[in-house]
Amino acid sequence: MITYDSIQSLIDQAVLEGKLISQIVLIDKASQMEMTDKQLLKKMNDNLQVMKEAVLTGLESESKSVSGLSGGDAKKMMQSISAGRSIGGHLLSEVITKALAVSEVNACMGRIVASPTAGSCGIIPGLLLTLKEVYQINDEKVVMSLFTASGFGMVIAKNAGISGAEGGCQAECGSASAMAAAAAVELAGGTPEMCGHAVAFALKSVLGLVCDPVAGLVEVPCVKRNASGAANALVAAEMALAGIESKIPVDEVITAMKAVGDALPASLKETAEGGLADTPTGKKLAESILMQ
């Protein structure tokens, strides 16, 4: 049984057995859940299909959320790409578009996969479904990569936390970004060690990121942070695949994230009392929503 105490232990076991991170996580979780590998793969495939549906729903809709704070931006991104106005290249633009789409579906009370949370639900599908589309990767490989994301996510959850109320947005969008980066590295043929470095890069880039939802709703700035979190994951994966290594071991990065989260004041941890929620415009938006 895997205890998910550290990223390094996952990497060491994968290397020892000559397997991918996804393979050892699949075998372990199937055993823990008293399921066959085939049954658990089916459950994860179901998650992948929900992610796909969320992307399509978000891209097709111009609907606004009940608050009116979000909705329709994914479609704007898609139209910008179609018009040739993208300056970041097709892959990056598609990653941003899909991440926005899923996050907007969440804001509009649609069906998403909390990966690892609802507030960060667009990051993993944003990156992985774009890679699938651009590089024509089959569903089976993407499903396996989700086990890699899950394995690393369980370590982060155990040692630092994935809740914005507990550790700020570094714990939500940061964790999702790290999970997406690791999954992307495996999809691209990277080693277990590279997956670990990708996690470190993604988390280091968002240390201290506060959770400051305007009006206490998971919309502003949350939806846009899903887009930037997916882009961050792409950057982290690219560096790891290039053979660049994190000077700070990944498990120490996670420990640092925990310490930073603990040091953040309550006003910056999902209370809507600080950061963007405390700006004049943020307060006005909150007041207008209360008056609806």
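Only the coordinates and a few stated rules stand behind these numbers; no lab work does. None of the values given here were measured: they were computed from a predicted structure. We place every Cβ from the backbone using ideal geometry, glycine too, and count neighbours over all the protein chains shown.
Peptides 141-154, 272-285, 184-197 ranked from most to least packed give 141-154, 184-197, 272-285, packing being the mean of other C-beta atoms within 10 angstrom over each peptide's residues. Relative to the Cα centre, the charge distribution of the chain, modelled as +1 at Lys and Arg Cβ and -1 at Asp and Glu Cβ, gives a dipole magnitude of about 560 debye.
Could you work out [θ]222 nm for the chain from helices alone, using -39500 (n - 2.57) per DSSP H run of at least four and dividing by all its residues? Round to the nearest 500 deg cm²/dmol.
Helix-only estimate at 222 nm: -21000 deg cm²/dmol.
With contacts taken as Cα pairs under 8 Å at a separation of at least 6 residues, the chain carries a relative contact order of 20 percent.
Taking Lys and Arg as +1 and Asp and Glu as -1, the other residues whose beta-carbon sits under 14 Å from that of Glu104 total +2. To test your reading of the geometry: what angle, between 0 and 90 degrees and rounded to tens, separates the Cα axis of helix 169-187 from the longest principal axis of the chain? Roughly 40 degrees between the two axes. Take each peptide in 155-168, 69-82, 217-230, count the other Cβ atoms within 10 Å of every residue, and average; sorted highest first, the result is 217-230, 155-168, 69-82. Think of the chain as having a plus end and a minus end, set by charges on the Cβ of Lys, Arg, Asp and Glu; of Pro280, Ala178, Asn159, Pro280 sits farthest toward the positive end of this dipole.
Of Lys204/Lys258; Lys52/Lys132; Lys141/Lys258; Lys42/Lys141; Lys19/Lys158, which sit over 20 Å apart, Cα to Cα? Over 20 Å apart, Cα to Cα: Lys141/Lys258; Lys19/Lys158.
Using a simple spin-label model with pseudo-atoms 7 Å out from Cα toward Cβ, Thr3 and Lys43 lie 2.3 nm apart. Dipole of region 7-290 computed with +1 at Lys/Arg Cβ and -1 at Asp/Glu Cβ about the Cα centre; of Ala266, Ile11, Ala231, farthest Cα towards the positive end is Ala231. For the chain, the cysteines with no partner cysteine C-beta closer than 4.7 Å are Cys108, Cys121, Cys173, Cys195, Cys222. In percent, rounded to a whole number, the relative contact order of region 169-292 is 35, using alpha-carbon pairs under 8 Å and six or more apart.
Taking a Cβ cut-off of under 11 Å around Asp139, the surrounding Lys, Arg, Asp and Glu residues balance to a net charge of +2, with basic ones at +1 and acidic ones at -1. A simple spin-label model places pseudo-atoms 7 Å from Cα toward Cβ; at Asp12 and Glu53 they are separated by 4.2 nm. Taking the C-alpha atoms only, the angle from helix 7-17 to the longest principal axis of the chain is near 30 degrees. Built from the Cα atoms of the chain, the convex hull projects on average onto 14.9 nm², one quarter of its surface area.
What percent do you get for the relative contact order of region 107-179 when only Cα pairs under 8 Å and 6+ apart count? Intermediate values should be presented prior to the final figure.
On the way: 55 pairs, mean separation 27.7, N = 73.
The normalised contact order for region 107-179 reaches 38 percent.
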